[in-house]
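The values are calculated or read from the model by the stated rules, or taken from the named source; none is laboratory data. The shown structure was predicted, so the numbers you read here are calculated from the model rather than taken from an experiment. Every residue, glycine as well, gets a Cβ built from its backbone with ideal geometry; the counts of neighbours run over all protein chains shown. Heads up: the accessible areas ignore ligands, DNA and RNA and are worked out on the full protein's heavy atoms, side chains in. Shrake-Rupley method; radii C 1.70, N 1.55, O 1.52, S 1.80 Å.
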Amino acid sequence: MKSSEIRRAFLEFFRQKGHTVVPSSSLLPPDPTLLFTNAGMNQFKPYFLGEADPPFKRATSVQKCLRAGGKHNDLDNVGFTRRHHTFFEMLGNFSFGDYFKREAILWAWELLTEVYKLPKDRLWATVYEEDDEAYAIWRDEVGLPAERILRMGAKDNFWEMGDVGPCGPSSEILYDLGPESDPNQKSPYEEGERWLELWNLVFMQYNRRADGTLEPLPKKNIDTGMGLERIAAVLQGAYSNYETDLFMPIIRFVEDLTGVKYSYETGAPHRVIADHTRALVFAIADGIFPANFGRGYVLRRILRRAYRFAQKIGIAEPVLYRVADVVIDIMKEAYPEVEENAEVVKKVIKSEEERFLNTLGKAVPILIKALEEAQSEGVLPGDVAFKLYDTYGIPQDMIDDYAATYGVRVDWEGFRREMERARERSQAAAKFKMLVPEWREVAEDYTGSKFVGYHRLTHESRVAKVGRLKERDALVFYETPFYPEGGGQVGDVGVIEGDGWRMEVQDTKRMGADIVHYGKVSGNPKVGDTAVLRVDERQRWAARRAHTATHLMHASLRTILGPHVRQQGSLVERERLRFDFSHPVALTQEEIQEIERLVNEKIRENIPVSEEYKPYREALKEGAIAIFEEKYGDVVRVISVGDFSKELCGGTHVDRTGDIGLFVITKEESVSAGTRRIEALVGERALRHVQEQRRLLREAAGLLKVPPKDLPKAVARKMEEIKALQTENNSLLQRLANSYVNQVEEVARDGYTLKWAVLPLPKEALRQVGDRIFGDDVVLILISAHPKDRGFVHVRVGKNLKGKLSARDIIRRLTSALGGGGGGSDFKAEGKIKRVEALKEEVEKI
């Protein structure tokens, strides 16, 4: 069976068993605790946890999965085994409080033997050692011989979602590939390649309590998973997953590109390229781009590893983006999104390949030098290897490969020590930056500050802490309406007044359980004092406008550019915002204008902005956007702008979008590969910006004596006039330079000729004089006495004098003796001196 037929048959089988066919979710998981979607059950997790009611009792899916990084990091094994992959597809069927073990086992058996036609005598099953129910179903209802039903321990056959929560025994279906596949493996209890783990059936029937005990779940669930690549290998009689129709067209393309034929024994590079390109295509199509952190960093590692293996079979230019075409062609029917995003996918991959080649081009000579220096000892020290990796971006496997070529062993143990030290330094630096006030008074009953300022700006509370940080006073209260800096939004400012004392609040920050107010105190506040805290309403409103505008812009970016756009960072100031987001290329002027237009359209619609508190997973299921790096509690605050935007957010917002007033984009730029940045103004600052731009436009138009609408044409005409004048000016300078060529003094020296002069020429003409009289055995020193460039020095040294005389040294001698400064190379240098009248004496000294 073709892989496409295997997919269709699986879904159709379970559809006929009353299951709802659910499309694959994105590789970018809604759960921000995951790097990537790594199992079929990910999208159903809220149902298994009882956090949301499923819209169906039975579901089936073919889920895109990516495992690389985190606890599922098998990246270094990919290409060297028959089964390891980064990207794979998981066939699964799920029950939410409906059917249980009997149906799950019987249907799995029916599908494998009657639809896929696998020989029954090759199928085995494992069960949890205490699961007599599953054992009996396999033996008595399926009819599997007892010798082919294996009882296994909790390590192999008991599934748990975490330390607490849903869990239960599992049963795994194995396929016997025959003794020829691994003569050394005599039993499924042993490690080996003969018995293939084909399909895992998980029976969620318990809840593990915090004390470790198990209690039965009121509703029992089923979660199963079978790798498409594995079942395809079995049904297509392939030696490994890579010899199936999912991979072989890619491998054949790599053969054609390189002329290197594939075999299992020598084909690790082909397998790595095929596997990793699949991962890249699907991840980028789902809006995950290579970056220097998080999931983007994992993707960058995958790409660079693929390219390193491409180099092993003779590739010396970007190639993975071409391999991507083959992947897209194979997968586009099942996953149309890869074809829809093909241009973006290939553009990102090619750009990353070029970046990597550029990095290696600069780094390889440094690596070679380090290895040549290490040859005498035969060992590349760990600290040197770590510097090559950390500073110059050279992958570890590449260091190893080059080291073997030079007969040098790499001290990887020392490398790991250096990496740990670097991590500790980073953590220590982070701790050092967190400046903590010195507290001179702390209330005994104080446990933490409570923020009460979403809907009030004035509040009465008691002082809990009194302290100081450098030049600023610091106060903490039991409750405060002052918003502490967080979620990108700046902290509030305002005034706090107590009995006989007052504080001008200049900033507010959160430190652990404390909300700390920083500023200038007059008087003597004490712990226990009651005070009135007043947030500056104008400043808070300005921040509210910018924060809600950020949400509108995020939603607009996703609407116009695509769902791959994800927030990578933000800064929300008073009526100013900065927003970093994932996108592979610069925005066009048309895209920027359309984003600006859409945000302002939503502002004019005056949409209500609402807040809700709800369970975290329920919010995600409803489509609320969460930020991967943020940490969320069980209950989250959801900010919705009608049905246009829904995000998890703890910041302050306007009541209706019309309160924002105006939104203007002022800048769009690159932050790093795959990440763009937009800066914008809102409200009154946006209006002032527009007015200032209009003033500048009128002023420029006035200078050229044209209406503002004709300014571009007028500027173009002026540029043409300037260009013509520059051409005329250059011609005059050449004539002027020619007239002074004969005024340059020539002094014959041992092995060279010194040519020097002080001329009343601007520096452009001075350089042209030099062009006419310079030679390979000449030292040239020309100084300008022209009022515009008086003291300018132009020095050149002929190429035949290399190693004997240096233009840079001459300029340094002149500027040191005569005042001024300059620099350059051994062959050409320029600068400026102050005492032109003393030049002749200094030239003679040199």
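What is the ratio of the Cα radius of gyration of region 699-846 to 2.2 N^0.38 Å, with N the residue count, to two decimals?
1.34
Just report the Cα centroid separation between region 790-846 and region 675-690, whole Å.
Answer, in whole Å: 49.
Find the all-direction average of the projected area of the Cα convex hull for region 302-418, expressing the result in square nanometres with one decimal place.
Values: hull surface 33.6 nm².
So the mean shadow area of the Cα hull is 8.4 nm².
Taking the Cα atoms only, what angle lies between the long axis of helix 589-604 and the longest principal axis of the chain, rounded to 10 degrees?
70 degrees
Let me know the Rg and Dmax you get for region 624-718 when you use only its Cα atoms, in Å.
20.5, 65
So what's the Cα pair-distance distribution over region 225-348, bin width 5 Å, in %?
2, 11, 21, 22, 21, 15, 7, 1, 0
Report, in degrees rounded to the nearest 10, the 0 to 90 angle that the Cα long axis of helix 248-258 makes with the longest principal axis of the chain.
Here the helix axis deviates by roughly 30 degrees.
Could you sort 95-101, 292-298, 181-187, 356-362 so that the peptide with the highest average Cβ count within 10 Å comes first and the rest follow in order? Mind dumping the intermediate values first?
Details: 95-101: 19.7, 292-298: 17.6, 181-187: 12.3, 356-362: 13.9.
Top of the packing list down: 95-101, 292-298, 356-362, 181-187.
For region 437-476, how big is Rg over Rh, using alpha carbon atoms and the Kirkwood form of Rh? List each step's numbers first, then the result.
On the way: Rg = 11.9 Å, Rh = 11.6 Å.
Reported Rg/Rh (Cα atoms, Kirkwood Rh): 1.02.
How many angstrom lie between the C-alpha centres of region 608-653 and region 257-276?
46 Å
With the cut-off at 20 Å, tell me which of the pairs LYS763/LYS828; LYS509/LYS602; LYS763/LYS832 have Cα atoms farther apart than that. Present the calculation step by step, with values, prior to reporting the outcome.
Numbers: LYS763/LYS828 14 Å; LYS509/LYS602 32 Å; LYS763/LYS832 11 Å.
Checking Cα-Cα distances, LYS509/LYS602 exceed 20 Å.
Which values, in whole Å and largest first, are the semi-axes of the equivalent ellipsoid of region 531-642 obtained as the square root of 5 times each eigenvalue of the Cα gyration tensor?
Equivalent-ellipsoid dimensions as semi-axes: 24, 20, 14 Å.
Using packing as a proxy for protection, rank 394-404, 582-592, 715-725 so that the peptide with the highest average count of other Cβ atoms within 10 Å comes first. Walk me through the numbers before you get to the answer.
Details: 394-404: 17.4, 582-592: 15.6, 715-725: 10.9.
Per-residue Cβ counts within 10 Å, averaged per peptide and sorted highest first, yield 394-404, 582-592, 715-725.
Would you kindly calculate the translational diffusion coefficient of region 341-478, applying Stokes-Einstein with the Kirkwood radius from alpha carbon pairs, for 37 °C and a viscosity of 0.692 mPa s, and quote it in µm² s⁻¹ without decimals? Write down the numbers at each step before the final one.
Values: Rh = 20.3 Å.
Answer from the Stokes-Einstein relation: 161 µm²/s.
So for region 584-623, what percent of the C-alpha to C-alpha distances run longer than 12 Å?
Numbers: 566 of 780 pairs.
Value for region 584-623: 73 percent of Cα pairs lie more than 12 Å apart.
Mind checking which aspartates and glutamates have their Cα closer than 15 Å to the Cα of LYS261? Skip sequence neighbours fewer than 8 apart in that chain.
Of all the aspartates and glutamates, those that pass the test against LYS261 - Cα under 15 Å, at least 8 places apart if same chain - are GLU243.
Helix 342-374 versus the longest principal axis of the chain: what angle, 0 to 90°, nearest 10, using Cα atoms?
Relative to the chain, helix 342-374 is tipped by roughly 70 degrees.
Sort out for me the Cα centre separation of region 365-393 from region 32-62, rounded to whole Å.
Between the Cα centre of region 365-393 and that of region 32-62, the gap is 47 Å.
Pop out the carbon and sulfur fraction of the accessible area of region 161-261 as a percent, whole number, probe 1.4 Å. Show your work: numbers first, answer last.
Numbers: 2120 of 4340 Å².
Accessible surface attributable to carbon and sulfur in region 161-261 totals 49 percent.
What is the Rg over Rh value, at two decimals, for region 485-560, using alpha-carbon atoms and the Kirkwood definition of Rh?
Numbers: Rg = 16.3 Å, Rh = 14.3 Å.
Ratio of gyration radius to Kirkwood radius: 1.14.
Give the whole-number value, in cubic angstrom per residue, of the convex hull volume spanned by the C-alpha atoms of region 1-143. The partial results should precede the final answer.
Values: hull volume 22.4 nm³, N = 143.
Cα-based convex hull of region 1-143, divided per residue, equals 157 Å³.
Over region 276-329, with every protein chain in place, what whole percent of the accessible area is carbon and sulfur at 1.4 Å, could you tell me?
Details: 690 of 1510 Å².
So the carbon and sulfur contribution to the accessible surface is 46 percent.
Kirkwood hydrodynamic radius, the chain, all distinct C-alpha pairs: what's the number in Å? Don't jump to the answer; show the numbers that get you there.
Working: mean 1/r = 0.0300 Å⁻¹.
Taking every pair of different Cα atoms in the chain, averaging 1/r and inverting gives 33.4 Å.
Beta carbons within 10 angstrom, averaged per residue: use that to sort the peptides 678-687, 15-24, 533-542, highest first.
On the way: 678-687: 21.6, 15-24: 15.0, 533-542: 18.0.
The most tightly packed comes first, giving 678-687, 533-542, 15-24.
Which of the pairs LYS755/LYS845; LYS788/LYS845; LYS64/LYS621; LYS2/LYS332; LYS17/LYS117; LYS45/LYS614 have their Cα atoms more than 22 Å apart in this structure?
Numbers: LYS755/LYS845 15 Å; LYS788/LYS845 28 Å; LYS64/LYS621 18 Å; LYS2/LYS332 15 Å; LYS17/LYS117 19 Å; LYS45/LYS614 17 Å.
From the list (LYS755/LYS845; LYS788/LYS845; LYS64/LYS621; LYS2/LYS332; LYS17/LYS117; LYS45/LYS614), the Cα-Cα distance tops 22 Å for LYS788/LYS845.
Please give the contour-minus-distance gain from ASP211 to GLN375: 0.36 nm per residue of separation, less the Cα-Cα distance, rounded to one decimal in nm.
53.3 nm
From the gyration tensor of the Cα coordinates in region 224-271, what semi-axes in whole Å does the equivalent ellipsoid have, largest first, with each one equal to sqrt(5λ)?
Square roots of five times the eigenvalues give 23, 10, 9 Å.
Just the C-alpha atoms of region 191-286: what Rg/Rh do they give, with Rh taken as the Kirkwood radius? Let's see the in-between values first.
Working: Rg = 19.8 Å, Rh = 16.7 Å.
Over the Cα atoms of region 191-286, Rg/Rh equals 1.18.
When the accessible area of region 414-568 is split by element with a 1.4 Å probe, what percent falls to carbon and sulfur? Write down the numbers at each step before the final one.
Numbers: 3650 of 7700 Å².
That fraction is 47 percent.
At 1.4 Å probe radius, can you tell me the per residue accessible area of the chain in Å²? Mind showing how you got there, number by number?
Numbers: 40110 Å² over 846 residues.
Per residue, the chain has an accessible area of 47 Å².
Could you tell me the largest-minus-smallest coordinate of the C-alpha atoms of region 412-539 on each of the three principal axes, in descending order and whole angstroms?
Projected onto its principal axes, the Cα set of region 412-539 covers 64, 31, 27 Å.
At a threshold of 8 angstrom on Cα-Cα distance, excluding pairs fewer than six apart, so keeping six or more, what relative contact order does region 551-709 reach in percent?
Details: 248 pairs, mean separation 40.5, N = 159.
About 25 percent, as a whole number.
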